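So the structure is just underneath, and the comments pick up after that.
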Amino acid sequence: MSISFDLTGRVALVTGANTGIGQAIAVALAEAGADVALAGRSAPAETLARLAATGRRSADIRADLASTEPVARVVAEAEAALGPVDILVNNAGIIRRNDLADFTEEDWDAVVDTNLKVLFFLSQAVARGMAARGAGKIINIASLLSFQGGIRVPSYAAAKSGVAGVTRAMANELAARGVQVNAIAPGYIATNNTAALQADATRNRQILERIPTGRWGRPEDIAGAAVFLASSAADYVTGQVLAVDGGWLAR
Ligand code: NAP
């Protein structure tokens, strides 16, 4: 048996890839050989330029993934542009911070809809084709708050804990159809998502003190795990939440 991380000939669909972790994953999948469709609400100019530099094909699909409304169109446009989707990366996500007493229903719904509801229904839409073809990889971006409660982010903790659960639920059902479903739980990664924490001197110090590796993660730190889970090297890996966290959870 030969172990391969090569993604040549595969088509990937990555959500929220104009910045941060999604951008790093999209570029890494292309460097590993995949053609990559980007689905998001903002123009992904920098990511498209980096994809072009890899020589792979790409597609830019503009969609607000705060609701399930564009899900069918996103999948149809990705497949029309590049062919059937072999790899789905559910990365798009938001966070809202507030004390429990002041947390609003809007902040609850926005985070749970974007981070959990759309993730499931986009997976459902892509999994139909994957199951029919007998192969596919779904990679969900979870969080340390799939394991922990966090501070002042109740809807994010709920949604990301839900991501871990629905990853296992989908994996159970799709395993016999040749589709693997896994999640990556990034640690503290320096992106827009964590800008408020990086800017807060106290929280920044507390976070760094707890990370055994002693630094914030970079988006590129997540990319290798995504390529692994997207590749045939991970054909017997399913239903897992893989922490890439500089050792945070081990502490
Ligand atoms: P980011 O740079 O803010 O990336 C988030 C991405 O999601 C952006 O492309 C954003 O687009 C997109 N997005 C948000 N709402 C959307 C919507 N309604 N429709 C379409 N796209 C939408 O932050 P990031 O840290 O890379 O976050 C990526 C994922 O990693 C998220 O699921 C996040 O929860 C997760 N995560 C991050 C960390 C961390 O420490 N940074 C840790 C654990 C998990 P816009 O640019 O248009 O907003």
Taking first residues from segment 18-44 that are more than 13 Å from Asn90 (Cβ to Cβ) and within 7 Å of the ligand (Cβ to nearest atom) and second residues anywhere that are among the aromatic types (Phe, Trp, Tyr) and assigned to a strand (DSSP E or B), the pairs with Cβ under 8 Å that are 6 or more apart or on different chains are none
Anything in segment 88-107 that is hydrophobic (A, V, I, L, M, F, W, C) and buried (at least 16 other Cβ atoms within 10 Å of the Cβ)? List them, or say none.
Leu88, Val89, Ala92, Ile94, Ile95, Phe103
Report whether or not Arg50 is of a type in the set (Lys, Arg), under 25 Å from Ser143 (Cα atoms) and more than 9 Å from the ligand (Cβ to nearest atom).
no
What number of residues in segment 123-145 are within 15 Å of Leu65 (Cβ to Cβ) and either in contact with a Phe, Trp or Tyr (Cβ under 8 Å, 6 or more places away or on another chain) or more than 11 Å from the ligand (Cβ to nearest atom) (or both)?
4
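Table: residues versus (1) more than 13 Å from the ligand (Cβ to nearest atom); (2) at pLDDT 95 or above; (3) of a type outside the set (Ser, Thr, Tyr).
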site: Phe147; (1), (2), (3): no, yes, yes
site: Tyr156; (1), (2), (3): no, yes, no
site: Ser161; (1), (2), (3): no, yes, no
site: Glu173; (1), (2), (3): yes, yes, yes
site: Gly178; (1), (2), (3): yes, yes, yes
site: Ala183; (1), (2), (3): no, yes, yes
site: Pro186; (1), (2), (3): no, yes, yes
site: Asn193; (1), (2), (3): no, no, yes
Which numbered condition in (1) of a type outside the set (Lys, Arg); (2) under 17 Å from the mean Cα position of the chain (by Cα); (3) within 29 Å of Asp86 (Cα to Cα) is the only one that Thr194 fails?
(3)
Subset of segment 205-219, residues without any contact (Cβ under 8 Å) to a residue 24 or more places away in the chain, more than 12 Å from the ligand (Cβ to nearest atom) and under 24 Å from the mean Cα position of the chain (by Cα), comes to Leu208
Which of the residues spanning segment 214-239 are under 28 Å from Ala195 (Cα atoms) and assigned to a loop (DSSP other than H, G, I, E, B)?
Gly214, Arg215, Trp216, Arg218, Pro219
Is one or more of the residues making up segment 64-78 away from the ligand (no atom under 14 Å from the Cβ), over 25 Å from Glu31 (Cβ atoms), in a loop (DSSP other than H, G, I, E, B) and out of contact with any helix residue (DSSP H, G or I) (no Cβ under 9 Å at 6 or more places or on another chain)?
no
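The values are calculated or read from the model by the stated rules, or taken from the named source; none is laboratory data. Predicted model, so just to flag it, every value in this text is computed and none were measured. Cβ: placed from backbone, ideal geometry, glycine included. Neighbour counts: every protein chain shown.
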